[in-house]
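Trainee: Following this message is one structure expressed as structure tokens.
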Amino acid sequence: MTEITLFPQAQSLERQAGSFTINARTRLFCADRALGETLANYLRPATGFALPAHPLDDDIASDVQNAILLLPAAAGAPERYTLTVEAGRAVIAAAERRGFLHGMQTLRQLLPPQVLADDVQTGVDWTLPGVAISDAPAFAWRGIHLDVGRHMFPVASIKKFLDTLAFYKFNTFHWHLTEDQGWRIEIKKYPRLTEVGAYRAETVLLDDSSRFDGRPYGGFYTQEEVRDIVAYAAERGISIMPEIELPGHGLAALAAYPELGCGGREYRVRTNWGIEPDIYCAGKDRVFEFLKDVFSEALELFPSKYIHIGGDEAPKARWKACPACQARIKAEGLADEDELQSWFIRQIEAWLNERGRNLVGWDEILEGGLTPNATVMSWRGSAGGIAAANAGHDVIMTPNTYCYLDYYQHEDWTREPPAIARSLPLKQVWQYKVVPDEITEDKRRHILGGQGNLWSEYIPTADHLEYMAFPRAIAIADVLWNHPAERDYGALAARLKRHLPCLDALNVNYRPLDD
Ligand code: ACM
Ligand code: ZN
């Protein structure tokens, strides 16, 4: 029997007798026609088969042959599905659409990799091995973050990326849309955000940080494009959480609307990497009006329950020297600039909560006091996540030491294209334990899950984005779906080696495995 390789590995998989070969006469049976169409759309391009969808009427014989059935299951854990393959048929059962989608991805992985091609493949034996799979994720939050502030990627590339994430059963795409180096989302009320804030004069060279390329760079996603991408992701079971950064990482907005800063200097969209001292002024009411206007438009575009407000890397030097910020500290009875940041975030959190959304922030939002309902994204290792969970807050773990997919993929940097000056080989990613031991037993439920992060300073193209993401993101998918106790790297590498033909068929520019 050939070995079955699934990423992420199924919670329970048993081989069973029989097999089922899809052919030109195979029919789909489904209660929900749209779901049947989704599956047909996955299988049709490479097989060339019509795969007509039929309703699941009562008179369908229970032993209907040459069929793929999508059967509604009694309510189960969200995202759970079962998939059985026996002689003459395959059955996916789930209570929710998300479960069916995961079952379909598993079905695709059980077929020969040619099924992933987008044109007809001839001479392929489309046989599914006999299996009984029962599967559900260990963690509800399985995400990948993408920064488009430093470099951005075409809509078609983002869609391809989402397709690949869905293939690995990720359910969240964290879209980092605003940065010191570029504002990337159209906001109708503030056109200068994209007229001015979306463009930088030049970019520091990736292989020599003392020189610049002298070429303007920029662009943005229109609201129409954003809507299209959000819908595309949703069809694939992926929720998009937007990130609009405050109070730091907002230099592009200050360049567009200088009155939003503490003042006294000229703001220009940043042309190199690093932490920017100029941040939104916390003393001016105008800033909060602006941010609420921006979020108002964002909420229309993103149905996500979670909205990320950044909160990281906001130096306080400008606030210390700003009369308006100091007046705010006094008026609100705050102890210092850290508490001013917490107060700043509280204004936005209350506003988001009133609109039924949850605020997510990087772990710096713990400094100066966590706002009441915040979810913390732990990136500077796990310490922030541990503190937040133990304090009763929800947490998404994304420690840089295991999850920063912009780091070098080899300890020997000379073997790799330029990246941020840290290493994170696949082997290390595979050791990612999502729930740290330091979180007390009764608080572990606060760990919603985790995600891999892709900062784009050193990711100038969509091809390179794929190179940095894969295969490391696949290891993250496996960890978040299973959280396996045993982490034998040799076993992972062997599984990945068998799986690489899938990435080839998907035309993903992954980094080759080390020998
Ligand atoms: C971060 O990496 N600055 C969240
Ligand atoms: Zn100020």
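Trainee: Of the residues in the stretch 472-499, how many are part of a loop (DSSP other than H, G, I, E, B) and either modelled with pLDDT under 95 or in contact with a Phe, Trp or Tyr (Cβ under 8 Å, 6 or more places away or on another chain) (or both)?
Mentor: Selection size over the stretch 472-499: 5.
Trainee: Let me ask something additional. Give me the residue from the stretch 356-387 that is β-branched (Val, Ile, Thr) and out of contact with any Gly (no Cβ under 7 Å at 6 or more places or on another chain) and, out of that set, nearest to ligand 2 (Cβ to nearest atom).
Mentor: If we take residues in the stretch 356-387 being β-branched (Val, Ile, Thr) and out of contact with any Gly (no Cβ under 7 Å at 6 or more places or on another chain), then Thr371 is nearest to ligand 2 (Cβ to nearest atom).
Trainee: Any idea which residue in the stretch 200-254 is nearest to ligand 2 (Cβ to nearest atom), counting only those that are of a type in the set (Phe, Trp, Tyr) and closer than 30 Å to Arg142 by Cα?
Mentor: For the stretch 200-254, the residue satisfying everything is Phe220.
Trainee: Mind listing whichever residues of the stretch 296-338 are within 16 Å of ligand 2 (Cβ to nearest atom) and among the polar types (S, T, N, Q)?
Mentor: Passing the criteria: only Gln326.
Trainee: Now, a different point. Being within 12 Å of ligand 2 (Cβ to nearest atom) and either modelled with pLDDT under 95 or not small (Gly, Ala, Ser) (or both) is the filter here, so list the residues in the stretch 278-295 that pass it.
Mentor: Asp278, Ile279, Tyr280, Cys281, Lys284, Asp285, Arg286, Val287, listed by residue number.
Trainee: Identify, by number, the condition in (1) within 16 Å of ligand 1 (Cβ to nearest atom); (2) under 30 Å from Thr203 (Cα atoms); (3) modelled with pLDDT of 95 or more that Glu416 doesn't meet.
Mentor: Glu416 satisfies all of (1) within 16 Å of ligand 1 (Cβ to nearest atom); (2) under 30 Å from Thr203 (Cα atoms); (3) modelled with pLDDT of 95 or more except (1).
Trainee: Filter the stretch 141-159 down to the residues that are of a type outside the set (Phe, Trp, Tyr) and within 13 Å of the chain's Cα centre (by Cα) and list them by number.
Mentor: Arg142, Gly143, Ile144, His145, Leu146, Asp147, Val148, Ile158, Lys159
Trainee: Moving on. Applying the selection to the stretch 144-167, what residues are aromatic (Phe, Trp, Tyr) and more than 22 Å from Val360 (Cβ to Cβ)?
Mentor: The answer is Phe153, Phe167.
Trainee: Continuing with this model, one more query. Check Ala67, Ala93, Ala53 and return the single one that is farther than 28 Å from Asn482 by Cα, in contact with a strand residue (DSSP E or B) (Cβ under 7 Å, 6 or more places away or on another chain) and modelled with pLDDT of 95 or more.
Mentor: Residue meeting the stated conditions: Ala67.
Trainee: What are the residue pairs meeting all of these: first residue in the stretch 432-456, first residue farther than 20 Å from Arg142 by Cβ and more than 16 Å from ligand 1 (Cβ to nearest atom), second residue among the small types (Gly, Ala, Ser) and not in a loop (DSSP other than H, G, I, E, B), Cβ atoms under 7 Å, and 6 or more apart or on different chains?
Mentor: Lys443/Ala389
The values are calculated or read from the model by the stated rules, or taken from the named source; none is laboratory data. Just so it is clear, the structure is predicted and the values come from calculations on it, not from any experiment. Positions of Cβ are backbone-derived with ideal geometry, glycine not excepted, and every protein chain shown enters the neighbour counts.
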